[in-house]
Amino acid sequence: MYKKILFCACLTEFCEHVFKFSLETAIENNAKLWIYHGLGRLNLSTNEVTKKIEAAETHVTELFGEKMKQRGFDNYAINVSDGDKVSEITKLARNVNVDVIIMGTSTKAPTAAGESATMSPLGSVTAQTVLWAPCPVLIVPPALVPGLTMIRQP
């Protein structure tokens, strides 16, 4: 079903389960996996921005490269950029004609046990990407991580 998947990596502790889901989806669909990490708007010189991007690319490769190698998966590309994250995500998705964008709910801690899920359950990047994306956006909830969130029993 999917031949081109864009995984948005926030590089927080909550990103790992979204990556695993994205990788499994890519493997199951024999799809190419784009791994994107946005640095946000950087008010730096061109040389400093280039250094930040190169460092982030190295970090992304270190975090996810070995895991993909262990699975025998090599059909991927890593893309890091500065600028507005939502604009960069949607531009990349449009330019490479991805079939689906996969991202987490937020870069912040998931809803604590007993806390109302109506309190901004999506981060601003996720919410805006849903509105501006040129393709479907699949949001992976933190509840897919055992023990990370709990459902309060009445």
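Each value in this text was obtained by applying a stated rule to the coordinates, not by laboratory testing. Quantities reported herein were computed from a predicted structural model and do not represent experimental measurements. So basically every Cβ, Gly included, is an ideal-geometry build from the backbone, and we count neighbours across all protein chains shown.
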Per-residue ³J(HN,Hα) for the stretch 37-48, Karplus 6.51 cos²θ - 1.76 cosθ + 1.60, θ = phi - 60°, Hz, x for Gly and Pro: 10, x, 8, x, 6, 9, 9, 10, 5, 4, 5, 5
query: Counting other Cβ atoms within 10 Å of each Cβ, which chymotrypsin sites (Phe, Trp or Tyr not before Pro) in the stretch 35-112 have at most 10 and sit in a DSSP loop?
result: none
query: Taking H as built 1.01 Å from N, whose amide H comes closer than 5 Å to the amide H of Lys32, not counting residues under 5 places away?
result: Lys4, Ile5
- prompt: For Arg71, what charge total do you get from the other residues with a beta carbon under 12 Å from its beta carbon, if Lys and Arg give +1 and Asp and Glu give -1?
  reply: -1
Cleavage-rule hits (GluC sites (Glu not before Pro)) in the stretch 14-106: DSSP loop, at most 15 neighbouring Cβ within 10 angstrom: none
message: Below 14 angstrom from the Cβ of Thr50, what's the summed charge of the other residues (Lys, Arg +1; Asp, Glu -1)?
response: -2
- prompt: Which of the lysines could a cross-linker bridge to Lys20, judged by Cα under 26 Å and excluding same-chain residues fewer than eight apart?
  reply: Lys3, Lys4, Lys32, Lys52, Lys67, Lys69, Lys85, Lys91, Lys108
message: Sort 124-130, 97-103, 4-10 by the packing proxy (mean of other Cβ within 10 Å over each peptide's residues), most packed first.
response: 4-10, 97-103, 124-130
task: Using a cut-off of 11 Å between beta-carbons, work out the net charge of the residues near Asn97 (Lys and Arg +1, Asp and Glu -1, Asn97 not included).
output: +3
statement: Checking the stretch 31-87 for trypsin sites (Lys or Arg not before Pro) in a loop per DSSP with at most 13 other beta-carbon atoms within 10 Å yields Arg41, Arg71
